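One structure below.
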Amino acid sequence: MSADLVLKGGRVIDPSQGLDKIADVAFEGGVVTAIGDGLDTAGAEVRDVTGKIVTPGIIDLHTHVYWGGTSLGVDPTMFAQDSAVTTMIDTGSAGPGNWPGFRKHVIEPAEPRILAYLHVSFAGIYGFHTALMVGESHDWRLMAPRLAVEVIEANRDVIIGVKVRIGRHASGPSGIDPLIVALDVAQETGLPVMCHIDEPPPSYEAVVSMLREGDVLTHCFRPFPNAPVDGKGNVKPEILAARDRGVYFDIGHGMGSFSWKTAKAMMAAGFPPDTISSDVHAFCIDGPAYDQLVTMSKFLALGMPLAEVIERSTVVPAKALQRPELGHFGPGNVGDASILTLEEGSFPLADVQGVVETGTQKLKAAGVVLGGRWWHGS
């Protein structure tokens with residue numbers, strides 16, 4: 001059977017299969033059909049990607065793309081094109097009260113895939129702005145577990161988990177209690193929790209100690225206070241125990257949650273993140289996070305090999321999502337691909353505290369394949 005699309009001559013990196021070689025990738029009927037040398041191109045659209053990197057569709061596990069419905073939302077189409085991201089996971093922009101609009105007006109019309117963690121707070125993240133900041137978990141009256149379960153049961157095709165935000169800014173006087181509610185919803189629905197952590201109280205250790213196998217702690221390389229390492233650079237015991245029981249540690253860069261100091265200490269301690277994500281929103285898309293590829297490039301600057309950076313942005317987040325059809329080029333898998341360039345030079349890379357490190361490599365978007373068709377790129 002002839003292919004619909006063949007990407008020819010790219011450097012194919014698929015960590016799930018241990019692939020890093022020059023090869024062609026063929027798609028037919030919306031799925032991956034073959035990887036190899038000199039694939040048959042008769043009747044197919046052919047894209048010459050010589051000199052470029054071809055990866056399974058990049059997954060950004062932490063985004064805010066309820067554009068127009070929340071103050072922090074960004075346009076998912078523009079973001080996907082700029083980041084070569086094929087799957088965006090919105091992390092709690094919407095709660096049970098404003099979910100229908102998010103689904104109808106953003107998720108369904110979007111060509112890139114959007115999945116979501118539903119916020120356990122009724123209106124999701126509704127008061128996030130540089131001029132006005134209201135932590136949605138402050139007000140116990142907004143916790144909506146029954147409604148959250150109802151919305152999840154009616155939308156299991158796109159809701160993949162439960163979101164909650166904990167910390168001095170996000171939950172304030174409610175402390176750690178909203179996490180208890182989120183875990184209850186997760187237990188009832190059989191889904192994982194993604195938990196945000198900001199400044200104490202409560203402590204990073206207290207929060208991560210409540211998370212279960214398959215749950216996600218996002219903002220895992222945040223700065224002091226509430227960093228995952230102590231002043232001597234030692235990873236805190238509760239964090240090691242959480243990884244041992246299967247908790248995922250996600251970057252979630254954003255505007256306040258990635259520190260070079262923390263990142264260097266964690267990498268030196270042999271504790272890389274499980275997943276790399278941007279936490280892109282309206283107040284960090286112009287810096288310091290920018291997008292998924294800039295966030296990934298920061299890990300190249302930290303010495304993480306390119307294949308591992310890609311692994312933590314493809315197959316590992318797919319596992320966290322329990323979507324095995326995503327994140328790798330296995331035959332019959334979803335036909336998504338990200339085409340990248342790796343530029344060499346001198347690139348200033350800032351963390352959320354304004355500390356700048358200079359990277360020598362930077363990933364940039366060169367094209368996107370969605371469902372086996374060329375969607376964006378020259």
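The table below gives the values:
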read-out	value
Criterion (free of Cβ contacts under 8 Å to residues at least 24 places away in the same chain and not polar (S, T, N, Q)) met by exactly one of Asp37, Asp60	Asp37
Pairs with Cβ under 7 Å, 6+ apart, first in the stretch 246-270 and more than 29 Å from Gly73 (Cα to Cα) and outside any loop (DSSP other than H, G, I, E, B), second at pLDDT 95 or above and aromatic (Phe, Trp, Tyr)	Met266/Phe221
Leu302 vs. criteria more than 26 Å from Lys8 (Cβ to Cβ) and in the same structural domain as Val216 (by TED's automatic domain parsing)	yes
Qualifying strands (runs of 3 or more DSSP E) (wholly inside the stretch 283-378; at least 3 residues being among the aliphatic types (A, V, I, L, M) and either in contact with a Lys or Arg (Cβ under 8 Å, 6 or more places away or on another chain) or at positive phi (or both))	337-350
Phe221 farther than 26 Å from Val151 by Cα, touching a residue at least 12 places away in the same chain (Cβ under 8 Å) and in a strand (DSSP E or B)	no
The stretch 326-353 - residue that is free of Cβ contacts under 8 Å to residues at least 40 places away in the same chain and not polar (S, T, N, Q) and, of those, surrounded by the most Cβ atoms within 10 Å (Cβ to Cβ)	Glu343
Extreme residue, surrounded by the fewest Cβ atoms within 10 Å (Cβ to Cβ), among residues of the stretch 56-107 that are within 12 Å of the chain's Cα centre (by Cα) and polar (S, T, N, Q)	Thr87
Positions within the stretch 263-280 being aliphatic (A, V, I, L, M) and over 15 Å from Ala320 (Cβ atoms), in sequence order	Ala263, Ala265, Met266, Met267, Ala268, Ala269, Val280
Criterion: out of contact with any helix residue (DSSP H, G or I) (no Cβ under 8 Å at 6 or more places or on another chain) and either polar (S, T, N, Q) or in the same structural domain as Thr77 (by TED's automatic domain parsing) (or both) - qualifying residue of Thr358, Thr295	Thr295
Selected residue (criterion: farthest from Ile152 (Cα to Cα)) from residues of the stretch 197-214 that are touching a residue at least 40 places away in the same chain (Cβ under 8 Å) and in contact with a Gly (Cβ under 7 Å, 6 or more places away or on another chain)	Asp198
Test set (1) touching a residue at least 12 places away in the same chain (Cβ under 8 Å); (2) farther than 18 Å from Phe258 by Cβ; (3) under 19 Å from the mean Cα position of the chain (by Cα) - Gly372 fails condition number	(3)
Only listed residue being in the same structural domain as Asp230 (by TED's automatic domain parsing) and over 22 Å from Ser16 (Cα atoms), chosen from Ser277, Ser259	Ser259
Leading residue by the ranking (nearest to Ser257 (Cα to Cα)) among those in the stretch 146-171 that are part of a loop (DSSP other than H, G, I, E, B) and hydrophobic (A, V, I, L, M, F, W, C)	Ala170
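The values are calculated or read from the model by the stated rules, or taken from the named source; none is laboratory data. Here the structure is a predicted model, which means the values were calculated and not measured. Backbone-built Cβ (ideal geometry, glycine too); neighbour counts: all protein chains shown.
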